[in-house]
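Below is one structure, written out as structure tokens; comments come after it.
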There are 2 protein chains.
Amino acid sequence: MSDPILIISSDCHAGLPPERYRDYVDPEYREIFDVALPIQIEEVKKASKKFLVEDFNVEWRKGHEQQLTGAWDSDMRNQVLDADGVAGEVIFPDGITEMNLPPFGAGLSLPTEGIDPKLQWAGARAHNRWIAEFCQMAPERRAGLAIVPILWSVEEAVKEIEWARENGLRGILIPSMWGSQDPYHHPKYEPVWSACEDTGMVMHLHSGAAPMSDYDDHQGMMGLYISEVVWWSARPIWFLIWGGVFERHPKLRLAITESTCVWVPEALTLHDFRYSEAHYQAKLGDYQSHLSKKPSEYFHEHVFLGASCMPRTEVVDRERIGIGNIMWGTDYPHPEGSWPETSKQLHESFDGIPEADLRAMLGGNAAALYGFDTEKLAPLAARIGPNPAAFASTTKES
Amino acid sequence: MSDPILIISSDCHAGLPPERYRDYVDPEYREIFDVALPIQIEEVKKASKKFLVEDFNVEWRKGHEQQLTGAWDSDMRNQVLDADGVAGEVIFPDGITEMNLPPFGAGLSLPTEGIDPKLQWAGARAHNRWIAEFCQMAPERRAGLAIVPILWSVEEAVKEIEWARENGLRGILIPSMWGSQDPYHHPKYEPVWSACEDTGMVMHLHSGAAPMSDYDDHQGMMGLYISEVVWWSARPIWFLIWGGVFERHPKLRLAITESTCVWVPEALTLHDFRYSEAHYQAKLGDYQSHLSKKPSEYFHEHVFLGASCMPRTEVVDRERIGIGNIMWGTDYPHPEGSWPETSKQLHESFDGIPEADLRAMLGGNAAALYGFDTEKLAPLAARIGPNPAAFASTTKES
């Protein structure tokens, strides 16, 4: 009988109750923090009412109050993940969605409008200090990410990446939208890419941001948002590929998280087609000789998919998506995630899938990408992980 | 033996040499026209140098100088289309690409930045007057489109649509990007959609516009442009679908032209998935009960594809794209089009395809959508159209 499966969730969230970020904010920003805190809480409440069905969150959270404190309580988090069968995790900000946002607009979606860059930096650093401490409480199972709003200062970004590495974090979250700032094929970002490459820090895009002012308040707003948001989250990938960033930085790695995988095969076909299309080339001139590989090759070597709650259709299509690129995620403690029913969702999606693929997608790929110490995690996985035999189904894969 | 095939090109272009638009511009704008003309010519030259490989255009046009005057010369155009086997055509602006642009930034891509809305309207009206005259010289074979920059004034747009219909035009070209103006799910556009529905005018999006300032002058610029431009051209479709515009206007029809078809199946899967996805619904509330149908159903009933130079891979995938939605186009007189080798390209793409599908995609769908008089066109098609037997190949469809 083979060992239980090591599950690493590539998409988890943690954050402090907002008032508790105060101690982590640079002293010079604490006065502003005190003024901004009630405003932030009020604004987030308004935005959530417009954007989310409040009752749903309230309902979903009922009876889970204790376990949700794992968003910032280390011991509780370990218990919760154990019960969910998850040994390791990659930790993004925004714990209990709207209830644990970092200060000053430094949350997951890193807005570029209506914020003060200096303050966003201050909020990001506050979160980074806390998440570094938090990960040190269980370093073998927690890969924390630093929030790095690279748009505002390349120099500050490089410093923060180095600080994050020195403090045990494993990657950085960058904005997926640049607003009116420079897009990611701009040469000015070279030092950021080099810093990530040199330190082995994985860059991350996480779904969330989209051009909300385009959707506005009219009928169809939410359908448009959920239909487009993945495109906006993935857009930087193409700027990095076409801009030659992966060509120049062969060790640079990027994960795109909670953005589904269904679009990957078609997107790669499109970009490879554009790369190879002779008719356009003639009219438009040489636009690809700076790239030694096809877009799909860069993608499969450099881009990883934080596949939160991956549906069965995507599992079935895993070869075209890239078995080595897929990393399961639970999205704890978000209501759209698989927690606390991860085991049930895993079976729905993965029953009948060959064990090697299963191990890669559920933990192996993430372990390799983030450098988890699988030997140290083995006893934990042996205790809490699912048995691979449980996925061996007589049902034909479909 | 069955009749030769009626070919209607859903994507052709016509325009005057820029100085000759003067007579069609409202008298009050002629003074400005005289000042603007040399500036426009100079700017277009600069932009073309940056954007296109000039040598390629020059080379491609060599030996075709006479036939290219069909961009504005009615008799020459008839000869050229006859020789290409094309009986009917849908006519967009921008004849010989950069050499026949309407005045005042009223060309195909309808920019929203750096233009004066009043002048763009004046330029559009000048072109509309001319194209209406031009189509009247061969009304049975020419379906002309009016340029209608609906962003600037709904009232003016409705008037222009009615004028265009009264003057024999068959559809309108609208901007595919709205810049900082209101997107197409905004209720303010209702009178525009109603006017098109009431007059039977087909709305058109044509590839070209994209957020150029995002691509800028860095390495990868052109690869990003050609990889993204189709997404930007198609984007309004989703705003119309999710905004309930097709729900409220069951007779409204839209064509998206020279934007390939390869993306259609995957895009429909994505939007249908978003429409039906229960997990998101719970968190985000009711975002689709105003739609009685799935996005793919609206698409297949309301959206047509101006499939310029359709490659074989798309022909093979025609069922998923929608056989009834595909309309072949030659893109005459643009260098990326099939002219003057339409016959060769048709065989490459369509050999071995069943005759009914062939007839629908090459002409039948367009005839029905634009109301071409196929009886009147029959003698012409009999003289110049290809024989369907020539496409009956023993090669297996692949």
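The values are calculated or read from the model by the stated rules, or taken from the named source; none is laboratory data. Note that the coordinates shown come from a computational prediction; the quantities given were computed from them, not determined experimentally. Neighbour counts are summed over all protein chains in view; Cβ atoms, including those assigned to glycine, are modelled from backbone coordinates with ideal geometry.
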In this structure, is A:ILE256 under 23 Å from A:ALA307 (Cα atoms), more than 9 Å from chain B (Cβ to nearest Cβ) and not in a loop (DSSP other than H, G, I, E, B)? yes
Against the condition within 14 Å of chain B (Cβ to nearest Cβ) and either closer than 24 Å to A:LEU252 by Cβ or of a type in the set (S, T, N, Q) (or both), how does A:HIS127 come out, does it pass? no
For the range B:12-29, give me the residue count where each residue is surrounded by 14 or more Cβ atoms within 10 Å (Cβ to Cβ) and without any contact (Cβ under 8 Å) to a residue 12 or more places away in the chain. 0
Identify the residue in the range A:298-321 that is within 14 Å of another protein chain (Cβ to nearest Cβ) and of a type in the set (D, E, K, R) and, among all such residues, is nearest to the chain's Cα centre (by Cα). A:GLU314
How do the pairs read when you match residues in the range A:113-133 that are closer than 15 Å to A:LEU37 by Cα with residues anywhere that are modelled with pLDDT of 95 or more and hydroxyl-bearing (Ser, Thr, Tyr), using Cβ under 6 Å and keeping only pairs 6 or more apart or on different chains? A:ALA122/A:TYR29; A:ALA126/A:TYR21; A:ALA126/A:TYR24
What's the number of the only condition in (1) more than 9 Å from chain B (Cβ to nearest Cβ); (2) among the hydroxyl-bearing types (Ser, Thr, Tyr); (3) touching a helix residue (DSSP H, G or I) at 6+ places or on another chain (Cβ under 6 Å) that A:TYR287 fails to meet? (1)
For the range B:205-258, which positions are over 16 Å from A:HIS185 (Cβ atoms), charged (D, E, K, R) and either in contact with a Ser or Thr (Cβ under 8 Å, 6 or more places away or on another chain) or surrounded by fewer than 20 Cβ atoms within 10 Å (Cβ to Cβ) (or both)? B:ARG235, B:GLU247, B:ARG248, B:LYS251, B:GLU258
Set B:ASN365, B:ASN387, B:ASN325: member being farther than 30 Å from B:ASN100 by Cα and touching a residue at least 24 places away in the same chain (Cβ under 8 Å): B:ASN387
Would you tally the residues in the range B:218-247 being within 10 Å of chain A (Cβ to nearest Cβ) and either among the β-branched types (Val, Ile, Thr) or in a helix (DSSP H, G or I) (or both)? 19
Tally of residues being under 28 Å from B:SER180 (Cα atoms) and either hydrophobic (A, V, I, L, M, F, W, C) or assigned to a strand (DSSP E or B) (or both) across the range A:194-217: 6
Identify, please: which residue in the range B:305-317 is of a type outside the set (A, V, I, L, M, F, W, C) and touching a strand residue (DSSP E or B) at 6+ places or on another chain (Cβ under 6 Å) and is, among those, modelled with the highest pLDDT? B:GLY306
All but one of (1) in contact (Cβ under 8 Å) with a residue 60 or more places away in the chain; (2) part of a helix (DSSP H, G or I) hold for A:GLU155; which doesn't? (1)
Against the condition within 22 Å of the chain's Cα centre (by Cα) and either more than 9 Å from chain A (Cβ to nearest Cβ) or of a type in the set (Lys, Arg) (or both), how does B:SER276 come out, does it pass? no
Going residue by residue through the range B:74-85, is there one that turns out to be in contact (Cβ under 8 Å) with a residue 12 or more places away in the chain and farther than 30 Å from B:PHE391 by Cα? yes
Criterion first (of a type in the set (A, V, I, L, M, F, W, C), touching a residue at least 24 places away in the same chain (Cβ under 8 Å) and touching a Phe, Trp or Tyr at 6+ places or on another chain (Cβ under 8 Å)) does B:ILE353 satisfy it? yes
Helices (runs of 4 or more DSSP H) wholly inside the range A:28-140 containing at least 2 residues that are under 20 Å from A:GLY179 (Cβ atoms): A:30-51, A:117-136
If you take the residues in the range B:183-217 that are facing chain A (nearest Cβ under 9 Å) and under 24 Å from B:PHE92 (Cβ atoms), which one is modelled with the highest pLDDT? B:PRO183
List the number of the failed condition for B:TYR332; all other conditions in (1) farther than 30 Å from A:ASP55 by Cβ; (2) in contact with a Phe, Trp or Tyr (Cβ under 6 Å, 6 or more places away or on another chain); (3) within 12 Å of chain A (Cβ to nearest Cβ) hold. (3)
Could you say whether any residue in the range A:72-89 is closer than 24 Å to A:ALA164 by Cα, exposed (fewer than 14 other Cβ atoms within 10 Å of the Cβ) and over 19 Å from the mean Cα position of the chain (by Cα)? yes
If you go through the range A:163-193, how many residues are part of a helix (DSSP H, G or I) and in contact with a helix residue (DSSP H, G or I) (Cβ under 8 Å, 6 or more places away or on another chain)? 9
Take the residues of the range A:34-71 that are β-branched (Val, Ile, Thr) and surrounded by 16 or more Cβ atoms within 10 Å (Cβ to Cβ): which is farthest from the other protein chains (Cβ to nearest Cβ)? A:THR69
Please find, among A:ILE172, A:ILE150, the residue that is within 20 Å of the chain's Cα centre (by Cα) and touching a residue at least 40 places away in the same chain (Cβ under 8 Å). A:ILE150
Does at least one position in the range A:338-357 carry a residue that is more than 24 Å from B:GLU277 (Cβ to Cβ), touching a helix residue (DSSP H, G or I) at 6+ places or on another chain (Cβ under 7 Å) and of a type in the set (A, V, I, L, M, F, W, C)? no
State whether one or more residues within the range A:216-226 are under 18 Å from the mean Cα position of the chain (by Cα), in contact (Cβ under 8 Å) with a residue 60 or more places away in the chain and closer than 24 Å to A:ILE326 by Cα. no
Among the residues that make up the range A:322-340, is at least one of them modelled with pLDDT under 95 and either more than 18 Å from the chain's Cα centre (by Cα) or of a type in the set (Asp, Glu) (or both)? yes
When you check B:TRP163 against the structure, is it buried (at least 17 other Cβ atoms within 10 Å of the Cβ) and touching a residue at least 12 places away in the same chain (Cβ under 8 Å), yes or no? no
